[in-house]
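Have a look at this one.
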Amino acid sequence: MRGIARQKLGYFPLSQKEAERIRRFLLFCEDCGTTSVLDPCAGEGTAMAAITSGAKTLTYGIELDSFRAEEARSVLDNVIQGNCFDVHSAVESFSLLFENPPYDFEVGENRNGRMEYLFLEHTYRWLKPGGLLVLVVPGDRLSTCAEILAVHFRDKAIYRLSEPESIRYKQTVVFGVRRTRRERDQLKDWDVQRAKTKLLALTGSYDELPVLPDEPDKEFVVPPSGPAQLVYRGIPLDTVEDLLSASAAYRQAGRILFAPEVGATGRPLTPLHGGHIGLLTTAGLLNGIFGEGPDLHVARWESIKVTDRFEETDENEVTTIRERERFTQSLTLVYADGTTSILDERSREP
């Protein structure tokens with residue numbers, strides 16, 4: 001998923017139907033004035049607009065992509081175009097935090113954490129005590145957020161989403177009410193550990209989670225709050241991008257950063273054996289157009305990361321779950337008639 005995530009800038013929009021289901025779980029106070037709500041990965045703003053439909057709210061959004069940020073401004077009250085981690089706000093400013101973060105790893109010299117955790121860790125303090133968190137993450141990534149959810153949120157409810165796109169990424173939604181300082185101080189270590197253990201167990205039990213129903217089986221009250229303020233301290237990305245082409249340093253670096261793709265041409269000196277062809281294909285050197293007539297197609301190989309999951313039960317009936325990540329190969333075929341096919345090791349599974 002990592003390559004797809006980066007290609008889309010981590011953009012995995014929530015299905016409109018799922019957003020409408022989430023809306024039915026939320027109870028806004030109609031006579032309490034305005035309520036400030038935030039989506040730190042807003043996309044085009046459609047999910048936040050659906051989740052707050054019919055409520056008296058001040059909607060805030062943060063979006064990295066300039067086009068999507070412009071679209072979001074048409075449906076949200078306040079939108080900042082930029083990196084969420086360059087945005088700051090006073091703590092305990094918002095009543096509702098809706099978060100559907102990128103599904104990927106951060107890449108850096110010192111930090112390589114999951115983006116789901118980093119987004120939540122950066123923004124949960126902006127939620128007021130008693131405020132509601134609505135977190136959409138893949139089911140197998142609940143564990144990355146377990147520490148924050150166990151310590152800072154109570155009355156949690158977790159559902160799996162059922163729309164086709166949601167099933168593809170195994171999306172789940174977590175509802176949680178932020179604890180007050182007094183509630184956190186009263187927590188015992190075993191309370192936190194028990195909550196974390198439960199969340200970790202759910203990470204490997206996606207299919208056993210209840211489906212988010214059309215009619216809510218509980219309600220979450222969203223408390224009122226006054227206007228909030230977001231401060232962006234990052235660089236103006238669009239302006240920098242426009243000025244890059246005039247930069248002499250950029251033109252010099254471009255020769256290295258955007259070097260032409262290396263290709264293999266010509267006839268081999270000796271016939272290729274199966275092993276040779278396998279190495280060339282998985283390296284992407286045999287991507288191209290093949291076949292003719294109804295078999296005409298484009299072929300592209302790529303490396304993908306998969307996770308193997310192992311369960312071991314000892315004599316005390318304690319089950320240990322281990323996960324191992326590894327790389328494997330995937331072949332994508334696109335035929336002239338528009339049909340597509342993805343061939344990988346999972347294609348052989350019954």
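Table: residues versus (1) exposed (fewer than 12 other Cβ atoms within 10 Å of the Cβ); (2) within 28 Å of the chain's Cα centre (by Cα); (3) within 21 Å of Val91 (Cα to Cα); (4) not assigned by TED's automatic domain parsing to the domain that holds Leu127.
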| residue | (1), (2), (3), (4) |
| --- | --- |
| Val211 | yes, yes, no, no |
| Glu215 | yes, yes, no, no |
| Lys218 | yes, yes, no, no |
| Leu230 | no, yes, yes, no |
| Ser247 | no, no, no, yes |
| Tyr250 | no, no, no, yes |
| Gly254 | no, no, no, yes |
| Ala259 | yes, no, no, yes |
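Identify, by number, the condition in (1) of a type in the set (Val, Ile, Thr); (2) closer than 21 Å to Leu149 by Cα; (3) outside any helix (DSSP H, G or I) that Val192 doesn't meet.
Of (1) of a type in the set (Val, Ile, Thr); (2) closer than 21 Å to Leu149 by Cα; (3) outside any helix (DSSP H, G or I), only one is false for Val192: (3).
A follow-up question, please. State whether the residues of the stretch 291-298 include one that is modelled with pLDDT of 85 or more, assigned by TED's automatic domain parsing to the domain that holds Ile342 and acidic (Asp, Glu).
Scanning the stretch 291-298, I find at least one residue that is modelled with pLDDT of 85 or more, assigned by TED's automatic domain parsing to the domain that holds Ile342 and acidic (Asp, Glu), so the answer is yes.
Another question about this same structure. Return the residue satisfying two criteria in turn: it lies in the stretch 261-310 and is in contact (Cβ under 8 Å) with a residue 24 or more places away in the chain and acidic (Asp, Glu), and of such residues it is surrounded by the most Cβ atoms within 10 Å (Cβ to Cβ).
Glu302
Residues in the stretch 34-43: is at least one under 22 Å from Thr239 (Cα atoms), exposed (fewer than 15 other Cβ atoms within 10 Å of the Cβ) and out of contact with any strand residue (DSSP E or B) (no Cβ under 6 Å at 6 or more places or on another chain)?
Scanning the stretch 34-43, I find no residue that is under 22 Å from Thr239 (Cα atoms), exposed (fewer than 15 other Cβ atoms within 10 Å of the Cβ) and out of contact with any strand residue (DSSP E or B) (no Cβ under 6 Å at 6 or more places or on another chain), so the answer is no.
If the requirement is being closer than 20 Å to Arg233 by Cα, among the hydroxyl-bearing types (Ser, Thr, Tyr) and without any contact (Cβ under 8 Å) to a residue 60 or more places away in the chain, which of these qualifies: Tyr60, Tyr124?
Of the residues listed, the single one that is closer than 20 Å to Arg233 by Cα, among the hydroxyl-bearing types (Ser, Thr, Tyr) and without any contact (Cβ under 8 Å) to a residue 60 or more places away in the chain is Tyr124.
Right, here's the next one. Among the residues of the stretch 130-166 satisfying the criterion of being among the hydrophobic types (A, V, I, L, M, F, W, C) and part of a helix (DSSP H, G or I), which is nearest to Leu212 (Cα to Cα)?
Going through the qualifying residues, I end up with Leu142.
State yes or no: is Thr239 of a type in the set (Val, Ile, Thr), in a loop (DSSP other than H, G, I, E, B) and over 27 Å from Leu127 (Cα atoms)?
no
Applying the selection to the stretch 152-179, what residues are hydrophobic (A, V, I, L, M, F, W, C) and crowded, with 17+ Cβ neighbours inside 10 Å?
Selection gives Phe153, Ile158, Leu161, Val173, Val174, Phe175, Val177.
The values are calculated or read from the model by the stated rules, or taken from the named source; none is laboratory data. The shown structure was predicted, so the numbers you read here are calculated from the model rather than taken from an experiment. Ideal geometry is used to build each Cβ from the backbone, glycine not excepted, and the neighbour counts take in all protein chains shown.
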